[in-house]
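The block underneath contains the structure these notes are about, expressed in structure tokens.
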Amino acid sequence: MIWDTIEICATLIECFLIISFLVRFLGFKSDEHKFLKTIAGFLIIAADGLLLPILINSELVIGILLLVICFVYSVIFLRGNIYIKIFAVFLGNVLILIINSLVLTGFSAICGSSFEELIASRNWIRFSILLVTKFLYLFCTQMILLLCRRKEYSLNKTEWTAVVTIFLTTLSGAIAVFELMLVPQYADAASTVILSGLVLINISAYFFMSKNSRANRERIKSELLELQLSEQMDRIEEINEMYGEILQIRHDMKKCVTCAAAMIDRGSVGEAKEYLEETAREKIGTVKEYIILESKAISAVINSKLSQCRRENIEITASATDYIDKFNETDISILLANLFDNAIEACRKLECKRYISFLAEKNKGYLRIIMKNSAPKSEEMNKKLTTTKSDKKNHGYGIKTVKELAEKYEGIYDFFCENGEFTADIWLKF
């Protein structure tokens, strides 16, 4: 009875460690009822670990069901894209198998007992195995969480697929090796070599992911710097144009003042007033607006899009708060570039009433970004807001990227089109 209780407690501790790692690695989508969500996940995983072995006599099936449960839970409650969720689920479970196998191998070598004997035993050796495996799993997950806090992974779809495939293959291999080790005639050095190979594969996969992530971040930074340089060159050209216009206005104003003075001398004050107002409208014109923020990268993205709108005769109004600098400038630059590109693309389809309105403001602990633009009827009929562009693969990725970034910052998003106007409403938590 005592040993049954110990085994049950060990299983419950393992279930708690699994859900705790998953929740801390990904984070909840919403802060509401976090404790209840954690307890719910723990109870479901505990049911898989305690009840299913009574009904199903297959560790493989139980392991697969555990993966499915963890994945579904992460999709419903946790943040991150589909690839990082699959990665987190496989990482936690592969880690359990590897640690259990390594600890059993070590105790088997020390005690001279088979795996089957160690698992079936009810003595201090079995208790030590349970204690060591749970402690090592806790230690390894804490180290992983510590490493992941220091960096964010920037991998594309192909790279995530490769990493997830490696971990899936490793998990299958680890299960097969673990099953072989339970049979005495296979519990030899060959199994240990195979297990060591699986460990090396996972370590290699981790370094592959880190290296590619760094390379992708550098590529994104390089693209932002190029955009910054391009925007600065555009600004220099516009400043030169404005300087030329100012010189012309200065020359014209001399004539204007002379003419107005002559009208006043004749007593035609009303005529002089109308003349001055008309000259001001024609000669001075409208002053171009620019957004100046602390982040040069974000300013460059916004101002380059404003210049693009003016070149394409799209009416543009823009306003941004300095609070936008509180977020990762690469993430915000990508988000804004996608929103502007979608808005500009929609305006290109219209012959008249082409306008874009951009607002970024602080609102109740959130950064709220609102992008509005005139839209063709095809957008209004598109209830699911999927792309209507010919290049669906690339353009559809824009809205998806915006959604993923909103989820990353525990925010919300809303896209809707009505009365010929498309609105993207994004909330990011500070």
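Of note:
- With N the number of residues in region 1-67, Rg(Cα) / (2.2 N^0.38 Å) evaluates to 1.23.
- Sorting Lys134, Lys377 from the fewest to the most surrounding beta carbons within 10 angstrom yields Lys377, Lys134.
- Rounded to whole numbers, the Karplus 3J(HN,Hα) couplings from phi for region 83-93 are 6, 5, 5, 4, 4, 5, 4, 5, 4, x, 7 Hz, using 6.51 cos²θ - 1.76 cosθ + 1.60 with θ = phi - 60°, and x at Gly and Pro.
- Ordered by the number of other Cβ atoms lying within 10 Å of each residue's own Cβ, fewest first, Tyr290, Tyr137, Tyr413 fall into the sequence Tyr290, Tyr413, Tyr137.
- In terms of surrounding Cβ atoms within a 10 Å radius of their Cβ, Cys70, Cys417, Cys9 rank from fewest to most as Cys9, Cys417, Cys70.
- Across region 338-352, rounded Karplus estimates of 3J(HN,Hα) from the backbone phi angles (6.51 cos²θ - 1.76 cosθ + 1.60, θ = phi - 60°) give 5, 5, 5, 4, 5, 5, 5, 4, 5, 5, 4, 7, 9, 9, 9 Hz, Gly and Pro being marked x.
- Computed 3J(HN,Hα) for region 298-311, one whole-Hz value per residue from the Karplus formula 6.51 cos²θ - 1.76 cosθ + 1.60 where θ = phi - 60°, is 5, 4, 4, 4, 4, 5, 5, 6, 5, 5, 4, 4, 5, 5, glycine and proline marked x.
Coordinate-derived values only; no laboratory data. Because the structure is a prediction, the values reported are computed rather than measured. We place every Cβ from the backbone using ideal geometry, glycine too, and count neighbours over all the protein chains shown.
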